[in-house]
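Data first, discussion second: the structure below is written as structure tokens.
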Amino acid sequence: MKLRIILAGIMVAALSTVAYAQQPIVIKLSHVVAVDTPKGKAALQFKKFAEERSKGRVRVEVYANSMLYKDKEELEALQLGSVQMLAPSLSKFGPMGVKDFEAFELPYLFDDYADMHKVTQGPLGQQMLKKLESKGIVGLAYWDNGFRQLTANKQLKSPNDCRGLKMRIVSAKITDAYMRALGAIPQVMSFGEVYQAMQTGVVDGGENTFSNIYTQKMYEVQKHLTVTNHGYLGYAVIANKRFWDGLPADIRAILESSMRDATKYNNDIAQKENNEALAAIKKSGKTKVTLLTPQERLTWKKALVPVHKQMEGRIGKDLIKAIYKETN
Ligand code: LMR
């Protein structure tokens with residue numbers, strides 16, 4: 001009898017070890033944009049690659065549209081280990097003390113995607129990702145979205161048209177500075193709250209990519225959009241460092257290769273997705289799209305570029321110079 005109990009005990013222990021060994025490693029990946037965006041789609045590609053290549057040893061749960069957390073909360077949740085991965089925009093790291101990424105917010109820093117890739121896909125971009133480690137975060141990749149455009153309920157043809165407008169911004173000192181340079185009143189707000197704030201008139205306008213303006217339906221509550229291309233919006237895909245370092249080496253390798261391929265996918269589709277979103281916004285007829293002549297664009301540049309000098313104290317002259325060097 002005693003032997004049977006001991007044997008049964010051994011069997012239960014063995015079975016639960018097997019069950020434990022078969023438990024997949026769960027990665028919660030939270031983000032704030034719609035599924036139908038470059039980031040939303042790339043997150044799902046990463047899930048697909050990781051689950052297929054690990055043959056089910058990894059399960060990636062993607063939570064889109066601020067479903068789990070809003071902007072500020074998600075970074076805290078990552079550090080606490082409540083989620084394992086995020087892809088916040090580069091502008092959102094300032095409040096946690098990583099100011100380097102804020103440099104990407106400098107207006108008219110990059111002329112186009114190719115220009116910006118010289119930084120994100122080069123050694124400088126890698127050095128910047130490393131800075132996250134002191135915050136318990138591993139920087140895995142850069143994902144593109146696109147260039148920011150201004151929206152409002154009045155036409156913004158020249159910088160002066162922004163005077164007195166309440167404009168929604170991300171929580172970044174540089175964005176605050178350039179909105180003030182335009183004479184606007186910046187209002188920090190989580191991405192998930194922007195549509196309603198525009199709809200109810202809590203803010204007069206904002207700045208975002210065509211993809212975000214379209215997928216969040218901001219174009220339905222903003223009468224005008226000006227194609228200013230005044231700033232870059234991209235992401236750092238990040239993981240909780242303790243979690244990442246604690247993964248079995250073979251799983252980490254699979255996740256790294258999945259991230260490489262998801263990154264390629266994201267950066268291959270981002271520009272196209274934004275162009276398609278612009279076409280869809282135009283087609284809707286709900287917002288008037290204003291294009292700028294080269295001369296008008298120069299006026300915007302003249303109003304905004306002095307912010308680079310103004311922000312040297314915050315970001316560091318050397319980093320700004322290093323970015324200029326990569327892009328010139
Ligand atoms: C925003 O808050 O406007 C963007 O950073 C949102 C995003 O993740 O694209």
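Just so it is clear, none of the values below were taken in a lab; they were calculated from the coordinates. Treat the numbers as computed from the prediction; the structure is a model and nothing was measured. Don't worry about glycine lacking a Cβ; one is built from the backbone with ideal geometry, like all the others, and counts go over all protein chains shown.
Radius of gyration and Dmax for the chain's Cα atoms, expressed in Å?
22.4, 93
If each of Glu52 and Met96 carries a label point 7 Å out from its Cα toward its Cβ, how far apart are those two points in nm?
3.0 nm
Quickly work out the Ser284-to-Ser257 label distance, labels modelled 7 Å from Cα along the C-beta direction, and quote it in nm with one decimal.
4.1 nm
Between Gln22 and Asn275, what length comes free when the chain is fully extended (0.36 nm per residue of separation minus the Cα-Cα distance, one decimal in nm)?
Numbers: separation 253, 0.36 × 253 = 91.08 nm, distance 4.40 nm.
Separation in residues times 0.36 nm, less the Cα-Cα distance, equals 86.7 nm.
Once label points are set 7 Å from the Cα along Cα→Cβ at both Ser82 and Arg59, what is their separation, rounded to one decimal in nm?
Here the modelled spin labels are 2.1 nm apart.
Report the charge-dipole magnitude of region 139-263 in Debye, nearest 20, computed about the Cα centre from +1 at each Lys and Arg Cβ and -1 at each Asp and Glu Cβ. Kindly include the intermediate steps, with their values, before the conclusion.
On the way: 14 positive and 11 negative charges, 91 e Å.
Charge dipole of region 139-263: 440 debye, to the nearest 20.
Can you list residues from other chains, or at least 5 along the same chain, whose modelled amide H is less than 5 Å from the amide H of Ala141?
Val237
Take Asp250, project a point 7 Å from its Cα along the Cβ direction, then tell me which residues of region 36-65 have their backbone nitrogen under 17 Å from it.
50-59
Output the 0 to 90 degree angle, nearest 10, between the alpha-carbon long axis of helix 2-22 and the longest principal axis computed from the alpha carbons of the chain.
For 2-22 against the chain, the angle is about 20 degrees.
Excluding Val26 itself, calculate the net charge of residues whose Cβ lies under 9 Å from the Cβ of Val26, where each Lys or Arg counts +1 and each Asp or Glu counts -1.
Working: positive: Lys28, Arg59; negative: Glu61.
Combined, the nearby Lys, Arg, Asp and Glu give +1.
Within region 130-217, which trypsin sites (Lys or Arg not before Pro) sit in a loop by DSSP and count at most 13 neighbouring Cβ atoms inside 10 Å? Write down the numbers at each step before the final one.
Numbers: sites: Lys130, Lys131, Lys135, Arg148, Lys154, Lys157, Arg163, Lys166, Arg168, Lys173, Arg180, Lys217; in loops: Lys154, Lys157, Arg163, Lys217.
Answer in residue order: Lys154, Arg163.
Can you give me the Cα centroid spacing of region 102-145 and region 182-204 in angstrom?
Here the answer is 26 Å between Cα centres.
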